[in-house]
Amino acid sequence: SVRLAALMGIPSIFVYTHDSVFLGEDGPTHQPIEHLWSLRLIPNMTLFRPADGPEVAMAWAHAVQTTTGPTLIVLTRQKLEPLPHPADFDPQRVLRGAYVLDGYSEGEITIIATGSEVPLAVQTADLLRGEGRNVRVVSAPSLDLFDRQAQDYQDEVLGDRSKVVCIEAGRSDGWHKYVDRGALIVGIDRFGASAPYERIAEELGFTPEKVAERIRRWE
């Protein structure tokens, strides 16, 4: 139905939930590690994986205004820490697909993440900043919209593409479109497991400490 809506240009809204291995005890049959990139590869549709309330709101705003094809909104199950938006945050930035978080715009390394992994990126950056490293953080709620931005904007957001860390709890393959081969991609290229989500995050390396350690080894 998603493919037909995209093919026919039907302005539909598809909402997905329970979007990653962090479903925990539901196990690998219910953990869609490959679905995000499978959906992003469909032409003429826009996928959002928002990280907080403002990003969800702008995903809905885009969806109800779009007249040429479907919008997919992919939501997480677990509770997330709010992103560090200032009081004057302009939510229109979300509709550029990816944007640098306020307070995290300076640094030689850029961490880019989507959805539930954006708070993880912020926590990892804070950990590394405590060690004296400068780290930028980019939230990418919609890579489809980011693809439609001018090259100058994409370069501004990503910075040095060999100094980028991508974090997403799913297949890592698609990130090579945005970064050099020397970049670090923290993804999951295997099926998940059945365990409490905190245990899964620890075992699969999706904690601030585990990601920070990978970055230290990679630098």
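The values are calculated or read from the model by the stated rules, or taken from the named source; none is laboratory data. What you see is a predicted model; the values in this text were computed from it and never measured. Positions of Cβ are backbone-derived with ideal geometry, glycine not excepted, and every protein chain shown enters the neighbour counts. Calculation scope for accessible area: heavy atoms of the full protein, side chains included, ligands and nucleic acids excluded. Shrake-Rupley method; radii C 1.70, N 1.55, O 1.52, S 1.80 Å.
Percent of Cα-Cα pairs per 10 Å bin, from 0 to the last occupied bin, for region 92-170, please list those.
It works out to 20, 55, 23, 2, in whole percents.
Straight-line reach from Lys210: which aspartates and glutamates fall under 19 Å, measuring Cα to Cα and dropping same-chain residues less than 8 apart?
List returned: Glu81, Glu117, Asp126, Glu131, Glu168, Asp189, Glu198, Glu202, Glu219.
Per residue of region 66-82, in order, report the coupling 6.51 cos²θ - 1.76 cosθ + 1.60 (Karplus, θ = phi - 60°) as ³J(HN,Hα) in whole Hz, putting x for Gly and Pro.
Values per residue, Gly and Pro as x: 7, 10, 10, x, x, 10, 10, 10, 10, 10, 9, 8, 7, 6, 10, 6, x Hz.
Mind checking the per residue accessible area of the chain for me, 1.4 Å probe, whole number of Å²?
Values: 10260 Å² over 219 residues.
Here the residues of the chain average 47 Å² of exposed surface.
Which far-off residues, 5 or more places away or on another chain, put their amide H under 5 Å from the one on Ser172, with H placed in the peptide plane?
Ile188
Give the residue from Val138, Ala183, Gln154 lying farthest towards the positive end of the charge dipole for region 113-190; charges sit on Cβ (+1 for Lys and Arg, -1 for Asp and Glu) and the dipole is referred to the Cα centre.
Ala183
Suppose every K and R has +1 on its Cβ and every D and E has -1 on its Cβ; what is the size of the dipole of region 1-64 about the Cα centre, in Debye to the nearest 20? Please list the in-between numbers first.
Values: 3 positive and 6 negative charges, 71 e Å.
In total the dipole reaches around 340 debye.
Could you work out what % of the accessible surface of the chain is carbon and sulfur, using a 1.4 angstrom probe and leaving DNA, RNA and ligands out of the count? Could the numbers behind the result be given before it?
Numbers: 5300 of 10260 Å².
The value for the chain is 52 percent carbon and sulfur by accessible area.
Need one number: the % of Cα-Cα pairs in the chain sitting beyond the 33 Å mark. Don't skip to the end; give the middle numbers.
Working: 2611 of 23871 pairs.
Result: 11 percent of Cα pairs exceed 33 Å.
Treating the beta-carbon of each Lys and Arg as +1 and of each Asp and Glu as -1, no other charges, what is the dipole magnitude of region 1-126 about its Cα centre, to the nearest 20 debye? Could the numbers behind the result be given before it?
Numbers: 7 positive and 14 negative charges, 132 e Å.
Once rounded to the nearest 20, the dipole reads 640 debye.
Which one of Pro43, Thr76, Ala61 is farthest out on the positive end of the charge dipole of the chain, using unit charges on Cβ (Lys, Arg +1; Asp, Glu -1) and the Cα centre as origin?
Checking the options against the dipole of the chain, the answer is Pro43.
Rounded to the nearest 0.05, what FRET efficiency do Glu213 and Ala57 give with R0 = 30 Å and r taken as the Cβ-Cβ distance? Could you check?
Working: r = 35 Å, r/R0 = 1.16.
Working from the Cβ atoms, E equals 0.30.
Find, among the trypsin sites (Lys or Arg not before Pro) in region 122-179, those assigned to loop by DSSP (not H, G, I, E, B) with at most 14 other beta-carbon atoms within 10 angstrom. Can you show the working numbers first?
Working: sites: Arg129, Arg133, Arg136, Arg148, Arg161, Lys163, Arg171, Lys177; in loops: Arg133, Arg148, Arg161, Lys163, Arg171.
Passing sites in region 122-179 are Arg148.
Give the percent of DSSP beta bridges with both residues in region 24-177 that are antiparallel, rounded to the nearest 5.
On the way: 2 of 14 bridges.
Antiparallel bridges make up about 15 percent of those DSSP assigns within region 24-177.
Would you mind working out the magnitude of the charge dipole of the chain relative to its Cα centre, with +1 at each Lys and Arg C-beta and -1 at each Asp and Glu C-beta, to the nearest 20 Debye? Intermediate results must be reported in sequence, preceding the final value.
Working: 22 positive and 31 negative charges, 101 e Å.
Taking the Cα centre of the chain as origin, the dipole is about 480 debye.
Taking the Cα centre of the chain as the origin and placing charges on Cβ (Lys, Arg +1; Asp, Glu -1), which of Pro11, Val211, Tyr104 is farthest toward the positive end of the dipole?
Final value for the positive-end residue is Pro11.
Please give me the summed charge of the neighbours of Ile185: other residues whose Cβ is under 9 Å from its Cβ, Lys and Arg +1, Asp and Glu -1. Walk me through the numbers before you get to the answer.
Numbers: positive: none; negative: Glu168, Asp173.
With Lys, Arg at +1 and Asp, Glu at -1, the neighbours total -2.
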